[in-house]
Amino acid sequence: MTALQIIFLITAGVILASAVMVVTTRNMIHAALWLIVTLFGAAVLFALLDAGFIAVVQVVVYIGAIAILFIFAVMLTRREMRDRGAQLNSEWWLSAVVAALTFGGLFFLLSGWSGFSAHAPGLSSGTDTVQLLGAALVSPDAYVLPFEVASVLLLAALVGAVYVAFQKKGEE
Amino acid sequence: MEFWSNPIKAAADWLTGVFTGWGMPASASNVVVSLIGVVALIVVVMVLDIMLVWLERKIVARFQDRLGPNRLGPFGLIQPFADIIKLLIKEDTTPSGADRVVYNVAPILAMMAVLLLWAVLPVAPIIFGVDINVGALYVIAVGAIGTLAIITAGWASNNKYALLGAFRQVAVMISYEIPMVVAILIPTMLAGTMGINSIVEAQNVWYFWLAPLAAVLFLVSAMAELGRAPFDLAEAESELVAGHHIEYSGMKFGMFYAAELLHAFTFGGFMAAFFFGGWRGPGVAQFPLLGLFWFMLKALIGYWVFGWIKYTMPRIRIDHMLALNWKFLVPVSFVLLMVVALMNSLLRGSDYYVIGMFLSNVVVGWGALEIVRASARRQRKEIETPAQTASAHH
Amino acid sequence: MIPLSWYLVLSAALFSVGLFGVLARRNAVAILLGIELMLNSVNINLVAFWRYLDPTRIDGQVFAIIVFAVAAAEVAVGLALVISVYRRRNTVVAEEIDMLKW
């Protein structure tokens, strides 16, 4: 059991435990905070996978923006200060069965693949993934077009979100 | 002599030798030595924080034409310890109806958001936590954790003024992240790398001379991120009764206060690292430890500038703060980014590099201020001559 | 070292937990939380495949960045819609927003 394996097992445990808390806790603010713990665990995993840039972007985008957005949305949609009523709908056992079947199906599908237990190839110390990533995102025969389309998508989402949630003064 | 040329590595090697001598496997002893290093860094940083409390009170006193603490110890140096003892013996209240776990975790998050930054700050050529190659973006990521600390503190206090203060402070913080990202992007672009130690090493000419407007942009957005005056609406006693830390007393409040002062010093350090050459200075090539002295000097000057602005300028209203960001700083920062990129690629290697970049920044800043002045002039004319326009419409 | 199977099993489990959250929760914001969990599991998968199959080709990380952008856009618009619905109907329980049901 090397140190990296122990770190991975602890992180995986934290991620799964907090994910289960996200989907079962009654208090919505606590659900958002457990989501933040899950996202942190995912950032740790990215760092373990030598994808440092993706790890930091995960913290900036997910925790710094999306999680804060969730917390604000929960605060703005509370009818009373305590969460009452059931938080799982009446067919939750069917959803649990579907989720378990999905997990079983994915596991069965993947374990039949030849590369399932592959080990990581060594990363030569000279590769600078950040530089490769930057070059790939702006080079015409790599991914500049999806990059630009993603920026148009974000603009559309920005305008749409502001318009949908806008409240004119005096309108209740 | 060999110890002094690289004391931290020498100490780490000696400790590793001790642990493997006791029979620990090599990987475990590496982990333990790293943990000891982390704890040592945190201890040093917290002692620095105590001295910053004294420094802060002396600075504010001198700006307000008084002496500051001078009774406890020579020049009042024991005063911070008295403050700490007072905070420790105060009652740690938890308001009724507050979410206990979240309420107690918020000050820890606030302190965490500052201590994590010290992992990437290069204090000397041989003393830094780790030189990750995404260090500049890591600074922004840790700022996101600070935002989280404030909103959890505000919500968990079960107090509408705390929540209002937290909302406003978080809105300001996430808005001012954009000019801060651009202001950090400019030294990154000039150095060609995001690693902060590499940025410091690439500064043969200080980036302040190459991009002064970026330094000003970083200063302004750092003040907003820290929640420091003149952007301190969150903790203004006369506005919102101290904002998100209304309900905190005792050492929990002490952690918020200490985190704020240390955050200001850390950003003074980043200002030095990004724009003023970090640990660079005469004599560092022979004695790398001298870099520590230069860095501390520059960081303390940066901290003094933060204090200077804080105790001189009045507070800005929340809608003015957000208008300043979205209508002035964001367009200026994007235009500056394009101008710096263009001038850098045109002039790099030529004789006019430094003067050309400096002048282009001055031109962009002057142009932005002229546009603002013209719009202000237009608004003033509209307000001052309504009678003429009304009669002209008849 | 860590075999690839551990990462794949972890992301499959995270995906299933997110799926359970989407299907079983009544609060609309909680459903969006489940979607976020699923998107994170996909990201972990993408980066793990990048690292284990061919780390010299950067395509896996580019995919992950595009997923980040899409997730951010979707959360922003989704939460704006939920807030807007809450203002009209004063509820965020998904079962009670059923005017278009026959």
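The values are calculated or read from the model by the stated rules, or taken from the named source; none is laboratory data. Keep in mind that this is a model prediction, so the values were computed, not measured. Glycine also receives a Cβ, built like all others from the backbone with ideal geometry; neighbour counts cover every protein chain displayed. Note: areas computed on protein heavy atoms with side chains; ligands, DNA, RNA excluded. Shrake-Rupley method; radii C 1.70, N 1.55, O 1.52, S 1.80 Å.
Evaluate the following for C:S41: is it buried (at least 20 other Cβ atoms within 10 Å of the Cβ) and small (G, A, S)? Taking the combined requirement at face value, the residue satisfies it.
Here is a check on your reading of the model: is B:V130 under 30 Å from B:F275 (Cβ atoms), out of contact with any strand residue (DSSP E or B) (no Cβ under 6 Å at 6 or more places or on another chain) and modelled with pLDDT under 85?
It is true that B:V130 is under 30 Å from B:F275 (Cβ atoms), out of contact with any strand residue (DSSP E or B) (no Cβ under 6 Å at 6 or more places or on another chain) and modelled with pLDDT under 85.
Just one residue in the set B:A191, B:A141 is free of Cβ contacts under 8 Å to residues at least 40 places away in the same chain, aliphatic (A, V, I, L, M) and within 12 Å of chain A (Cβ to nearest Cβ); that residue is B:A141. Which one is nearest to the chain's Cα centre (by Cα) among residues in the stretch C:1-27 that are crowded, with 24+ Cβ neighbours inside 10 Å and among the small types (G, A, S)? Ranking the qualifying residues of the stretch C:1-27, first place goes to C:G18. Candidates are the residues of the stretch A:90-113 that are polar (S, T, N, Q) and modelled with pLDDT of 75 or more; the one that is farthest from C:Y7 (Cα to Cα) is A:S95.
For the stretch A:1-49, the set of residues classified as among the hydroxyl-bearing types (S, T, Y) and open to solvent by less than 10 Å² (accessible area, probe 1.4 Å) consists of A:S18, A:T38, listed by residue number. Looking at the stretch A:95-111, is at least one residue in a loop (DSSP other than H, G, I, E, B) and either closer than 20 Å to C:V62 by Cα or open to solvent by 70 Å² or more (accessible area, probe 1.4 Å) (or both)? For the stretch A:95-111, residues in a loop (DSSP other than H, G, I, E, B) and either closer than 20 Å to C:V62 by Cα or open to solvent by 70 Å² or more (accessible area, probe 1.4 Å) (or both): absent. So which residues in the stretch B:226-278 are part of a loop (DSSP other than H, G, I, E, B) and modelled with pLDDT of 85 or more, if there are any at all? Answer for the stretch B:226-278, where residues must be part of a loop (DSSP other than H, G, I, E, B) and modelled with pLDDT of 85 or more: B:F276, B:G277, B:G278.
You will find that of B:V102, B:V170, B:V123, B:V114, the residue that is touching a residue at least 24 places away in the same chain (Cβ under 8 Å), within 14 Å of chain A (Cβ to nearest Cβ) and open to solvent by less than 50 Å² (accessible area, probe 1.4 Å) is B:V102 and no other. Only one of the numbered conditions (1) within 29 Å of B:M173 (Cα to Cα); (2) touching a residue at least 60 places away in the same chain (Cβ under 8 Å) is violated by B:R280, and that is (1). Suppose we filter the stretch C:1-59 for residues that are part of a helix (DSSP H, G or I), under 20 Å from A:A55 (Cα atoms), among the hydroxyl-bearing types (S, T, Y) and out of contact with any Gly (no Cβ under 7 Å at 6 or more places or on another chain); how many remain? Number of matching residues: 3. Across the stretch C:71-96, the qualifying residues are those that are open to solvent by 70 Å² or more (accessible area, probe 1.4 Å) and at negative phi, and the one among them that is nearest to the chain's Cα centre (by Cα) is C:L81. Selection of the stretch C:25-42 for residues being facing chain A (nearest Cβ under 7 Å) and at pLDDT 90 or above yields C:V29, C:A30, C:L33, C:G34, C:E36, C:L37, C:N40.
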